[in-house]
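Heads up, the thing below is written out as C-alpha cells.
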Amino acid sequence: MGTADRHRLIGELLRTREQATVDELVDATGASGATIRRDLEILAANGVLKRVHGGARSLLARGDNPGYGQRELEDHQAKTRIAEAVDGLINDREHVWLDSGSTATEIARRLGKRELTVMPMSLHGVEALSVPHSGRAPQLILPGGSLIPGEQSFRGPMAEANVRSLRFDTAVVTPCALNLKDGLLAHDLDDAAVKRAGLESAARVVVASAGSKWNASAVALVAAMDAVDVIVTDQKPSPEDLARLNKLSVEVVIA
C-alpha cells in the first residue's frame, strides 16, 4: 500500500472512531510501526488528526465539518476525475475564477499546464498552479483579503471586492453542499459571499462537486441552481433530478 493510500485509510478510520493505536493501524495497512508513526506525524502536521501516545486521536466531533487536511484525503479518485472533466470544459486563454477547497486544488493541478488567466481563492490553489512545467503556464491574479488558517483560503470584504472588480469567462465553484431545492451552499457566510462574488462575475458557472456533497448539510446559501450552467460530478442524478436540471437548462457532466 502506497503512502497516499495509507494516509487516506487512516483518515477514513478516524472519521468513524475517536482514536486508533499504532498497532491497529499496522494491522489495517500492513505497514511497519515505524512507517505508521511517520504517517501520523505528517497527518498531524496537516491537521488531519492529533498525535497521542501510542497512536492518534480524531479531531472531528461527530457531525462536525472536517478540516482541509481531512477532506484532501477523501474521494480522491472522484476529485481527480472531476478535475479532468472540468479541464476539458475550459478553453485556452480563458479568464477563470477558481474556488477554494480540496476539489478546487485538484482542478488547479490540471489547469497548471494551461494557457489561462486564473484567480485562485486559496494558497493551495496558488501552489498547485505555480508548479513549473515546460511550455505553457497560467497567469495568476491573487484576490487579497484575509487568509483563513488551515484552509489557506482568501476571505473578507477586500477579497470579495477584488473578485467583483473583474469579469471572468468561467467561474469554477466547489460548494460545500448542494441540493435542487436550495441550490449551492457553504458552511459559513464569508465563504458563501466569496463564492457568490465569483459566480456573479462570470459569464459561465461550472459547479464541481463529488457525489458526497449532494444533499449534504450546510447553513449559508450561495446561489439558486438556476445560476449554474454546468455541474460536473461523479454521481449520476436520479431521473427526477435530471428532469429538473434539464428544465433549468443545467448541463450535467458525469466524471
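Taking the conditions exactly as written (open to solvent by 60 Å² or more (accessible area, probe 1.4 Å), modelled with pLDDT under 95, within 20 Å of residue 75 (Cβ to Cβ) and part of a helix (DSSP H, G or I)), does residue 217 satisfy them or not? Outline the logic, then answer.
Details: open to solvent by 60 Å² or more (accessible area, probe 1.4 Å): yes; modelled with pLDDT under 95: yes; within 20 Å of residue 75 (Cβ to Cβ): yes; part of a helix (DSSP H, G or I): no.
So residue 217 does not fit the description; no.
If we keep just the residues of the range 78-99 that are open to solvent by less than 20 Å² (accessible area, probe 1.4 Å) and modelled with pLDDT under 95, which is farthest from residue 136 (Cα to Cα)?
Among those that are open to solvent by less than 20 Å² (accessible area, probe 1.4 Å) and modelled with pLDDT under 95, it is 78.
Residues are listed down the side, and each one gets a yes or a no for (1) surrounded by 19 or more Cβ atoms within 10 Å (Cβ to Cβ); (2) over 30 Å from residue 172 (Cβ atoms); (3) touching a helix residue (DSSP H, G or I) at 6+ places or on another chain (Cβ under 6 Å); (4) modelled with pLDDT of 90 or more:
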| site | (1), (2), (3), (4) |
| --- | --- |
| 19 | no, yes, no, no |
| 36 | yes, yes, yes, yes |
| 41 | no, yes, no, no |
| 44 | no, yes, no, no |
| 47 | no, no, yes, no |
| 63 | no, no, no, no |
| 67 | no, no, no, no |
| 71 | yes, no, yes, no |
| 74 | no, no, no, no |
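When residues of the range 146-172 are filtered for being in a loop (DSSP other than H, G, I, E, B) and surrounded by 13 or more Cβ atoms within 10 Å (Cβ to Cβ), how many remain? Even if it seems obvious, please write down each step before you answer.
Of the residues in the range 146-172, the ones in a loop (DSSP other than H, G, I, E, B) are 149-152, 156, 165-167.
Checking which are surrounded by 13 or more Cβ atoms within 10 Å (Cβ to Cβ) leaves us with 151-152, 156, 166.
Selection size over the range 146-172: 4.
Search the range 176-186 for residues being assigned to a loop (DSSP other than H, G, I, E, B) and without any contact (Cβ under 8 Å) to a residue 60 or more places away in the chain, and hand back the single one that is surrounded by the fewest Cβ atoms within 10 Å (Cβ to Cβ). Spell out the reasoning first.
To start, the set of residues in the range 176-186 that are assigned to a loop (DSSP other than H, G, I, E, B) comprises 176, 180-182.
From what is left, the residues that are without any contact (Cβ under 8 Å) to a residue 60 or more places away in the chain are 181-182.
Details: 181: 9, 182: 15.
Ranking the qualifying residues of the range 176-186, first place goes to 181.
If you take the residues of the range 196-214 that are in a helix (DSSP H, G or I) and either touching a Cys at 6+ places or on another chain (Cβ under 9 Å) or among the hydrophobic types (A, V, I, L, M, F, W, C) (or both), which of them is modelled with the lowest pLDDT? Walk me through it before giving the result.
Going through the range 196-214, the residues in a helix (DSSP H, G or I) turn out to be 196-200, 211-213.
Okay, now just the ones that are also either touching a Cys at 6+ places or on another chain (Cβ under 9 Å) or among the hydrophobic types (A, V, I, L, M, F, W, C) (or both), so 197, 199, 213.
Working: 197: 98, 199: 97, 213: 89.
This residue is 213.
Residues of the range 124-145 being surrounded by 13 or more Cβ atoms within 10 Å (Cβ to Cβ) and among the polar types (S, T, N, Q), which ones?
130 - this is the single residue of the range 124-145 that is surrounded by 13 or more Cβ atoms within 10 Å (Cβ to Cβ) and among the polar types (S, T, N, Q).
Every residue in the range 12-24 that is in contact with a Lys or Arg (Cβ under 9 Å, 6 or more places away or on another chain), within 27 Å of residue 151 (Cα to Cα) and assigned to a helix (DSSP H, G or I), please.
Across the range 12-24, the qualifying residue is only 14.
The values are calculated or read from the model by the stated rules, or taken from the named source; none is laboratory data. It should be emphasised that the depicted structure is a prediction, and the values quoted were computed from it without experimental measurement. Note: ideal-geometry Cβ built from the backbone for every residue, glycine included; neighbour counts use all protein chains shown. Only protein heavy atoms, including side chains, enter the accessible area calculation; ligands, DNA and RNA are left aside. Shrake-Rupley method; radii C 1.70, N 1.55, O 1.52, S 1.80 Å.
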